[in-house]
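Shown next, in structure tokens, is the structure this report addresses.
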Protein chains: 4
Amino acid sequence: MYKKPLIVLNFKTYSESMGEKAVLMAKYCQEVSIESGVNIISCPQTPDIFRVASAVKIPVFAQHIDSAGAGSFTGHITADCVRSNGAKGTLINHSERRVLLSEIDSAIQASRKAGLKTIVCTNNIAVTSAAAALLPDFVAVEPPELIGSRIPVSKANPEIVSGSVEAVKKINPKVKVLCGAGISTGDDVASAIELGTVGVLLASGVIKAKDPRAALFDLVKKI
Amino acid sequence: MYKKPLIVLNFKTYSESMGEKAVLMAKYCQEVSIESGVNIISCPQTPDIFRVASAVKIPVFAQHIDSAGAGSFTGHITADCVRSNGAKGTLINHSERRVLLSEIDSAIQASRKAGLKTIVCTNNIAVTSAAAALLPDFVAVEPPELIGSRIPVSKANPEIVSGSVEAVKKINPKVKVLCGAGISTGDDVASAIELGTVGVLLASGVIKAKDPRAALFDLVKKI
Amino acid sequence: MYKKPLIVLNFKTYSESMGEKAVLMAKYCQEVSIESGVNIISCPQTPDIFRVASAVKIPVFAQHIDSAGAGSFTGHITADCVRSNGAKGTLINHSERRVLLSEIDSAIQASRKAGLKTIVCTNNIAVTSAAAALLPDFVAVEPPELIGSRIPVSKANPEIVSGSVEAVKKINPKVKVLCGAGISTGDDVASAIELGTVGVLLASGVIKAKDPRAALFDLVKKI
Amino acid sequence: MYKKPLIVLNFKTYSESMGEKAVLMAKYCQEVSIESGVNIISCPQTPDIFRVASAVKIPVFAQHIDSAGAGSFTGHITADCVRSNGAKGTLINHSERRVLLSEIDSAIQASRKAGLKTIVCTNNIAVTSAAAALLPDFVAVEPPELIGSRIPVSKANPEIVSGSVEAVKKINPKVKVLCGAGISTGDDVASAIELGTVGVLLASGVIKAKDPRAALFDLVKKI
């Protein structure tokens with residue numbers, strides 16, 4: 001399912017990718033994914049998961065889950081509930097939604113039980129190593145200062161990407177590495193892959209583009 | 001819309017009220033609401049809001065929202081997004097999901113802009129007063145030690161209920177008072193209303209009942 | 001003890017007011033307090049409380065306490081412990097250390113039992129009203145966007161100050177109002193008092209001044 | 001400094017180890033340490049650090065630090081400040097004060113710069129591995145369900161201890177492993193060391209003992 005280069009599109013809470021626009025954005029992702037053969041994952045806001053997942057066949061991931069399970073946990077986002085609404089995976093510990101170390105572990109375990117793939121976001125090589133030790137499916141290293149910039153991490157700080165790839169290999173080679181922050185072009189994706197990652201995590205580079213569909217096509221052109 | 005006695009049913013993250021079962025539970029609420037003329041609000045898990053709200057005409061509330069708006073707030077639950085998925089209101093600051101004072105204020109403001117009604121949960125008379133000063137639509141006082149028990153707050157601690165009603169009247173008489181914790185029968189509802197509240201907030205008393213539909217009918221029998 | 005105009009000096013975690021420098025800064029406060037008759041309260045970092053409180057006779061307040069009491073609460077700051085190290089009061093809910101609504105209430109209660117005065121910080125009139133409903137000794141309204149600026153709240157936004165004074169009067173006239181953010185001169189203090197407050201909360205205006213002792217003398221010159 | 005078996009005594013917020021009693025408790029630790037040659041570290045409440053560290057020559061550790069440095073961080077506990085008050089190290093991420101993954105990393109880095117040793121607490125083998133990847137001086141594995149019990153982790157769950165020792169060896173053999181939870185006797189310490197740890201972390205077993213000094217002597221008798 002996730003063999004080819006992977007593009008993870010984080011819809012954040014942008015108005016351009018909420019509600020019915022979330023469905024449209026996911027359909028663009030699906031169109032580009034089918035035409036290019038590149039895996040594209042959509043991460044809509046939590047309340048949008050059901051209608052997005054009902055409208056497309058490409059995988060939909062949550063942006064966050066809590067570690068709570070069934071029970072007295074009002075307001076918590078459970079792995080089981082996002083799964084039953086069609087999500088196939090989830091981001092965990094995004095820089096805009098950091099999580100306690102012990103809760104990252106619990107959330108990964110809850111995801112595994114529920115059949116959700118996990119992408120744990122990290123901010124440097126040491127934290128990437130720590131996250132990899134918890135055995136998620138993916139880690140996504142994103143230097144926070146570059147998020148939302150147009151300066152791609154793969155150019156601004158290639159060492160953090162290649163260093164993360166190496167560090168994860170030592171901890172557990174089954175964990176795959178993504179990188180993010182400042183990604184907006186096909187060149188950025190290509191250099192991310194050259195640095196040893198399996199793909200990228202991005203948001204504004206597509207969502208805030210004048211033509212998101214065209215931006216998606218540009219992303220996959222070199223793969 | 002909320003003139004008659006009000007019953008707010010919190011689905012928590014119970015497996016008995018998740019996914020398709022959340023839809024079913026909300027349909028029971030609708031049936032009982034129509035037959036009895038009592039307002040019943042369903043509060044499903046966040047990812048379930050869309051399908052529940054699409055399936056029933058009675059109001060659906062979120063269990064929690066964050067104060068974040070549109071933008072770079074990955075994993076946050078925005079008022080706009082739950083609204084666009086069909087929610088008509090939200091719980092805020094439930095005892096299982098406590099919130100910073102300043103964020104309660106921001107969440108109430110965001111809800112008002114988005115057209116969501118707000119129910120701020122509190123744990124004692126002083127905190128009820130504080131919450132009322134932020135001008136939500138409702139406050140719901142729930143002594144945490146009674147939540148999930150079968151000992152109704154209206155019997156175990158009627159002073160906290162009547163005291164909250166009085167305190168809120170002084171702060172702002174437009175804010176309506178609910179009470180919760182240990183509520184499971186029509187008697188509990190009746191005594192809550194005698195104490196000056198406009199209704200109750202409950203969860204396990206219905207959701208964990210052998211026959212939730214019957215439990216709902218029992219709740220409204222004395223109103 | 002707190003009859004005259006009150007100046008609360010927050011040492012934050014500035015290096016200029018840490019360790020032995022915290023003791024020196026508190027001694028400046030004491031000197032100016034004695035000469036001017038104005039109450040000045042020092043708020044050093046938590047680990048510095050003991051040596052600052054041992055070195056001066058003017059009141060020393062903590063910058064934050066948790067709501068936990070004696071027991072299994074590793075790493076929490078208890079009212080009893082800061083009291084037994086010489087603190088006479090504490091800030092609660094500073095904009096750099098926001099607290100859950102229910103924990104503000106518990107922290108005020110714990111402070112009262114331990115004999116600590118409480119100053120609850122707030123960010124707007126509604127939140128000031130809410131804080132006042134919890135019956136602390138003081139509320140200190142500080143618009144976050146002006147904190148650390150040299151634009152005094154009393155000039156940039158006098159309505160938030162006078163509005164807070166009025167709102168608190170309605171909730172409970174025993175609660176006294178301070179204001180903060182951008183305060184650095186005697187004029188700022190004078191206009192804060194004209195707007196109905198009993199004094200000010202400030203930090204960088206004194207701590208980061210070339211001559212903090214002179215800055216303190218300037219603050220009290222118009223009172 | 002930390003060559004011999006190590007006993008880390010967490011004073012928590014117990015009344016039996018606060019204020020002047022914290023000083024007394026640390027003096028017992030010192031007496032037993034000198035007589036036995038076993039390293040004993042005292043972890044008093046943050047406001048007590050200065051007077052405890054001024055009264056004894058054995059190392060004093062903080063129970064928690066935040067990742068913030070010098071600046072506008074009201075109410076945060078900085079590495080520099082606890083260091084300047086005499087602490088030689090700190091616990092991080094105790095089960096009663098869990099921390100965000102990225103903040104554990106920042107706190108370790110801040111500690112290293114300030115010259116503080118670090119003990120990161122963990123709850124299972126995976127989290128221990130993750131913590132070790134951040135290169136603290138020590139990790140201390142403590143199954144939360146056994147904390148405060150009289151059932152020693154070394155008997156109830158020896159696999160979590162030996163598994164942690166093995167896992168850390170693979171990640172980075174320089175990181176030393178402690179274990180905790182339910183430890184109260186010399187036998188417990190001996191079996192912890194047999195399982196490959198360098199020592200133990202404990203609290204109530206000594207602090208709540210009728211005779212803490214005797215309890216400390218009992219702890220070291222088999223080493």
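In table form, for the structure just shown:
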| read-out | value |
| --- | --- |
| Of all residues making up segment B:200-223, the number that are among the small types (G, A, S) and either part of a helix (DSSP H, G or I) or at positive phi (or both) | 4 |
| Looking only at segment D:143-156, and only at residues there that are in a loop (DSSP other than H, G, I, E, B) and in contact with a helix residue (DSSP H, G or I) (Cβ under 7 Å, 6 or more places away or on another chain), the one that is nearest to the other protein chains (Cβ to nearest Cβ) | D:G148 |
| Residue within segment A:132-141 that is under 15 Å from the mean Cα position of the chain (by Cα), free of Cβ contacts under 8 Å to residues at least 40 places away in the same chain and surrounded by 19 or more Cβ atoms within 10 Å (Cβ to Cβ) present | yes |
| Residue check, B:I160 over 26 Å from A:Q45 (Cβ atoms), part of a loop (DSSP other than H, G, I, E, B), among the hydrophobic types (A, V, I, L, M, F, W, C) and over 15 Å from the mean Cα position of the chain (by Cα) | no |
| Subset of segment C:93-114 (residues that are in contact with a Gly (Cβ under 7 Å, 6 or more places away or on another chain) and within 7 Å of another protein chain (Cβ to nearest Cβ)) | C:H94, C:E96, C:R97 |
| Condition met for A:G196 (modelled with pLDDT of 90 or more and among the small types (G, A, S)) | yes |
| Which numbered condition D:K170 fails, given (1) surrounded by fewer than 24 Cβ atoms within 10 Å (Cβ to Cβ); (2) within 15 Å of the chain's Cα centre (by Cα); (3) within 11 Å of chain A (Cβ to nearest Cβ); (4) under 23 Å from A:P173 (Cβ atoms) | (2) |
| Given (1) over 16 Å from C:V32 (Cβ atoms); (2) charged (D, E, K, R); (3) surrounded by fewer than 24 Cβ atoms within 10 Å (Cβ to Cβ), index of the condition C:R213 fails | (1) |
| Index of the failed condition, A:C179 passing every other in (1) within 14 Å of another protein chain (Cβ to nearest Cβ); (2) under 16 Å from the mean Cα position of the chain (by Cα) | (1) |
| Given (1) surrounded by fewer than 19 Cβ atoms within 10 Å (Cβ to Cβ); (2) of a type in the set (K, R); (3) part of a loop (DSSP other than H, G, I, E, B), number of the condition C:K12 does not satisfy | (1) |
| Positions within segment B:105-142 being assigned to a loop (DSSP other than H, G, I, E, B), over 18 Å from C:I108 (Cβ atoms) and either modelled with pLDDT of 95 or more or not acidic (D, E) (or both), in sequence order | B:G115, B:L116, B:L135, B:P136, B:D137 |
| Within segment A:64-92, tally of residues that are closer than 14 Å to A:V52 by Cβ and within 7 Å of chain B (Cβ to nearest Cβ) | 2 |
| Subset tally (residues that are more than 23 Å from C:V189 (Cα to Cα) and surrounded by fewer than 24 Cβ atoms within 10 Å (Cβ to Cβ)) for segment C:25-52 | 1 |
| Contacts under 9 angstrom Cβ, first residue in segment B:36-51 being in a strand (DSSP E or B), partner among the charged types (D, E, K, R) and surrounded by fewer than 24 Cβ atoms within 10 Å (Cβ to Cβ), 6 or more apart | B:N39/B:K3; B:N39/B:K4; B:I41/B:K88; B:I41/B:K117 |
| For C:S36: the one exception among (1) at pLDDT below 95; (2) facing another protein chain (nearest Cβ under 9 Å) | (2) |
| Conditions (1) within 12 Å of chain C (Cβ to nearest Cβ); (2) surrounded by 24 or more Cβ atoms within 10 Å (Cβ to Cβ): number failed by D:T122 | (1) |
| Candidates D:T128, D:T90, filtered to the one that is touching a residue at least 12 places away in the same chain (Cβ under 8 Å), surrounded by 21 or more Cβ atoms within 10 Å (Cβ to Cβ) and over 14 Å from the mean Cα position of the chain (by Cα) | D:T128 |
| Qualifying residues in segment B:48-59 (those that are within 11 Å of chain A (Cβ to nearest Cβ) and touching a strand residue (DSSP E or B) at 6+ places or on another chain (Cβ under 8 Å)) - the one farthest from A:A70 (Cα to Cα) | B:A53 |
| Segment B:17-44, residues that are within 16 Å of A:H76 (Cβ to Cβ) and out of contact with any strand residue (DSSP E or B) (no Cβ under 9 Å at 6 or more places or on another chain) | B:M18, B:G19 |
| Qualifying residue in segment A:159-167 (condition: at pLDDT below 95, in contact with a strand residue (DSSP E or B) (Cβ under 9 Å, 6 or more places away or on another chain) and buried (at least 22 other Cβ atoms within 10 Å of the Cβ)) | yes |
| Given (1) part of a loop (DSSP other than H, G, I, E, B); (2) within 14 Å of another protein chain (Cβ to nearest Cβ); (3) touching a strand residue (DSSP E or B) at 6+ places or on another chain (Cβ under 6 Å), number of the condition A:T197 does not satisfy | (2) |
| Test: residue in segment D:82-96 that is modelled with pLDDT of 95 or more, in contact with a Lys or Arg (Cβ under 7 Å, 6 or more places away or on another chain) and part of a helix (DSSP H, G or I) | no |
| Residues of segment D:200-210 satisfying the condition of being within 14 Å of chain C (Cβ to nearest Cβ) and surrounded by fewer than 16 Cβ atoms within 10 Å (Cβ to Cβ) | D:K208 |
| Selection count, segment B:54-67, where residues are in contact with a helix residue (DSSP H, G or I) (Cβ under 8 Å, 6 or more places away or on another chain) and either surrounded by fewer than 22 Cβ atoms within 10 Å (Cβ to Cβ) or outside any strand (DSSP E or B) (or both) | 9 |
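The values are calculated or read from the model by the stated rules, or taken from the named source; none is laboratory data. The structure presented is a predicted model; accordingly, all values stated were derived computationally and were not measured. When we count neighbours, we look across all protein chains shown, and the Cβ atoms used for this are built from the backbone with ideal geometry, even at glycine.
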